[in-house]
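Novice: Next up is a structure, given as structure tokens.
Values in this text are rule-based calculations from the coordinates and carry no lab data. What you see is a predicted model; the values in this text were computed from it and never measured. Every residue, glycine among them, receives a Cβ derived from its backbone with ideal geometry; neighbour counts consider all protein chains shown.
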Amino acid sequence: MKYFELDEEERQLLEEVERGEWKPVSDKEFAKFKKEAMEAARNTLNKTKNINLRLSERDLHKLKAKAIREGIPYQTLASSILHKAAAE
């Protein structure tokens with residue numbers, strides 16, 4: 001059997017679930033959340049252009065470190081940051 005060590009955020013979430021702080025969502029809410037997630041996934045996969053950016057080595061290392069903490073590829077994180085900035 002594998003043993004997994006939870007990080008602080010995971011431990012907090014587990015404690016919240018065990019205390020009964022999490023409640024199931026209704027079928028209607030679930031359908032709404034599912035639709036939003038599917039749209040986000042579809043938009044993420046809808047890539048049409050490639051670009052090249054020159055970044056300082058320090059900024060690139062910071063970006064990669066943040067991506068590791070969030071558990072996503074650094075290029076996905078960079079794209080997300082640009083998308084949010086462009087949407088403002």
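Novice: Just from its helices, what would the mean residue ellipticity at 222 nm be for the chain, if runs of 4 or more DSSP H residues each count -39500 (n - 2.57) and the sum is divided by every residue, rounded to the nearest 500 deg cm²/dmol?
Specialist: One gets -21500 deg cm²/dmol as the mean residue ellipticity at 222 nm.
Novice: Give me 80, 56 sorted ascending by neighbouring Cβ count inside 10 Å, so fewest comes first.
Specialist: Arranged by neighbour count, lowest to highest, 80, 56 become 56, 80.
Novice: Can I ask one more? Measure nothing but the geometry: give the 0 to 90° angle between the long axis through the Cα atoms of 57-70 and the longest principal axis through the Cα atoms of the chain, rounded to 10°.
Specialist: Taking Cα atoms only, the helix is inclined about 20 degrees.
Novice: Something else about it: With all pairs of different alpha carbon atoms counted, what Kirkwood hydrodynamic radius in Å does the chain show?
Specialist: The Cα-based Kirkwood calculation yields 16.7 Å.
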